[in-house]
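The values are calculated or read from the model by the stated rules, or taken from the named source; none is laboratory data. None of the values given here were measured: they were computed from a predicted structure. Cβ: placed from backbone, ideal geometry, glycine included. Neighbour counts: every protein chain shown.
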């Protein structure tokens, strides 16, 4: 029942959200839409420490004039500072100007004025920090990292800085270093969803699935109705070969009403591998209704169900395929369906039905060597040897099927006691591909010919 195990991993690898791919998650807490971030950022305007420049008594008038405008009319604040400062003024004004540009989304001017601030005051930790933030917003992670690390050299960092450092490394495809930074960020800011997401994506990138599973339990506990967490954890369960747990997770997603077609198809695969045929057929059927199952994949499942001797389920699934997707099948897929119908007919000893399906298949695909050989075998069973020879001869002209076709022709001629012709066909087969069992068969046929 484990026929789909390799395919499951491949399907799951492309099934779930960007956290499992090369695309890095989007920051949600480090933006002006977040009131907490906005409050922290606004506080940086008036922060006082040994790592921030002073304002002279002469500059205080401009400062007092600008501060009220920061919240009420930032454009006016920009105009007033640009008009009122020179290269001799305190770096604090360049910093304020950088913040104002950053708030407007003008990253180029923001980093320019932050740069002016640190030129005037090289120990300006907050200016380096905000410069790093601005570069992150502009997806310039190398320069962002330089600013953040320079700030870290000057003063102790908060959780947000370590989180942004982790985010930069993750975007630079260095998940191991990113993970180290995220761990510190979470210690300093344990409630941050952004940094936990970063840790999760780093663990997934490093293929540390067991740790990712543990962290996903936290996300699931916090948001049990979020199907993405259940699906991501299912993917990690597949990585640790815990397919029963993966199936349980995807069943929850289905019960939440949030399973798309691809998820339902994967759930069907998992059910089949666990021997749960009826739930598998149900999931595959729903997957087809939602357009998430490829016909060729369903045909493969039907073939496997036939092999498992689950004939009623195989017939049900095939019927559901034809009813839900029959009009959308390509010519190649129609051929696959006919092949399966023939197999089902043969399983039920319906040789006439099987022959009919195979004959239709050969009309659609005259170079289908497998169907021609099956027809040859069927006609042999029904006693129509001329037809059996005709189909075998046709198969012998198709690359990839000639070896098997010559053996079939040899067997037909042995049945007619024409050992000379049988030996000729066996020699043809050996020229294509030498097989010991064919050599033994040829020897016996040649001996029989000598006795004639």
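Quick one: which helices (runs of 4 or more DSSP H) lie wholly within the range 13-91 and hold at least 1 residues that are out of contact with any strand residue (DSSP E or B) (no Cβ under 6 Å at 6 or more places or on another chain), closer than 25 Å to residue 107 by Cβ and modelled with pLDDT of 85 or more?
Once the helices (runs of 4 or more DSSP H) in the range 13-91 are filtered for at least 1 residues that are out of contact with any strand residue (DSSP E or B) (no Cβ under 6 Å at 6 or more places or on another chain), closer than 25 Å to residue 107 by Cβ and modelled with pLDDT of 85 or more, what remains is 57-72, 74-84.
For residue 450, are the conditions met, namely being closer than 19 Å to residue 354 by Cα and modelled with pLDDT under 90?
So residue 450 does not fit the description; no.
Against the definition (closer than 30 Å to residue 319 by Cβ, crowded, with 19+ Cβ neighbours inside 10 Å and modelled with pLDDT under 90), how does residue 358 come out, yes or no?
Values: closer than 30 Å to residue 319 by Cβ: yes; crowded, with 19+ Cβ neighbours inside 10 Å: yes; modelled with pLDDT under 90: yes.
The answer is yes for residue 358.
What is the number of the single condition among (1) farther than 27 Å from residue 64 by Cα; (2) in contact with a helix residue (DSSP H, G or I) (Cβ under 7 Å, 6 or more places away or on another chain) that residue 142 does not meet?
The one condition residue 142 does not meet is (2).
Looking only at the range 232-260, which residues are part of a loop (DSSP other than H, G, I, E, B) and over 15 Å from residue 279 (Cα atoms)? Spell out the reasoning first.
Taking the range 232-260 as the starting set, the residues that turn out to be part of a loop (DSSP other than H, G, I, E, B) are 240-242, 256-260.
Result: 240, 241, 242, 256, 257, 258, 260.
Quick check, is residue 113 farther than 23 Å from residue 156 by Cα and either part of a helix (DSSP H, G or I) or at pLDDT below 95 (or both)?
For residue 113, the condition - farther than 23 Å from residue 156 by Cα and either part of a helix (DSSP H, G or I) or at pLDDT below 95 (or both) - is met.
Return the total of residues in the range 124-166 being surrounded by 24 or more Cβ atoms within 10 Å (Cβ to Cβ) and assigned to a loop (DSSP other than H, G, I, E, B).
Total satisfying the criteria: 1.
Go through (1) in a helix (DSSP H, G or I); (2) modelled with pLDDT under 90 for residue 393 and report which single condition fails.
Residue 393 satisfies every listed condition except (2).
Restricting the range 248-263 to residues that are crowded, with 24+ Cβ neighbours inside 10 Å and free of Cβ contacts under 8 Å to residues at least 60 places away in the same chain, which is nearest to residue 325 (Cα to Cα)?
From the range 248-263, those crowded, with 24+ Cβ neighbours inside 10 Å are 249-250, 259, 263; that's our starting set.
Among the residues that remain, those that are also free of Cβ contacts under 8 Å to residues at least 60 places away in the same chain are: 249-250, 259.
Numbers: 249: 28, 250: 24, 259: 19 Å.
Among them, the one singled out is 259.
Go through 184, 118 for me and flag whichever is outside any loop (DSSP other than H, G, I, E, B), over 35 Å from the mean Cα position of the chain (by Cα) and touching a residue at least 24 places away in the same chain (Cβ under 8 Å).
Selected residue: 118, the only one of 184, 118 that is outside any loop (DSSP other than H, G, I, E, B), over 35 Å from the mean Cα position of the chain (by Cα) and touching a residue at least 24 places away in the same chain (Cβ under 8 Å).
Would you call residue 294 within 28 Å of the chain's Cα centre (by Cα) and free of Cβ contacts under 8 Å to residues at least 60 places away in the same chain?
Judged against the criteria, residue 294 is a match.
Can you go through 197, 206, 216 and tell me which one is in contact (Cβ under 8 Å) with a residue 40 or more places away in the chain and farther than 22 Å from residue 323 by Cβ?
Every option except 197 fails the conditions.
Restricting the search to the range 264-279, which residues are in a helix (DSSP H, G or I) and surrounded by fewer than 22 Cβ atoms within 10 Å (Cβ to Cβ)? Break it down stepwise before answering.
Of the range 264-279, the ones in a helix (DSSP H, G or I) are 264-273, 277-279.
273, 277, 278, 279 - these are the residues of the range 264-279 that are in a helix (DSSP H, G or I) and surrounded by fewer than 22 Cβ atoms within 10 Å (Cβ to Cβ).
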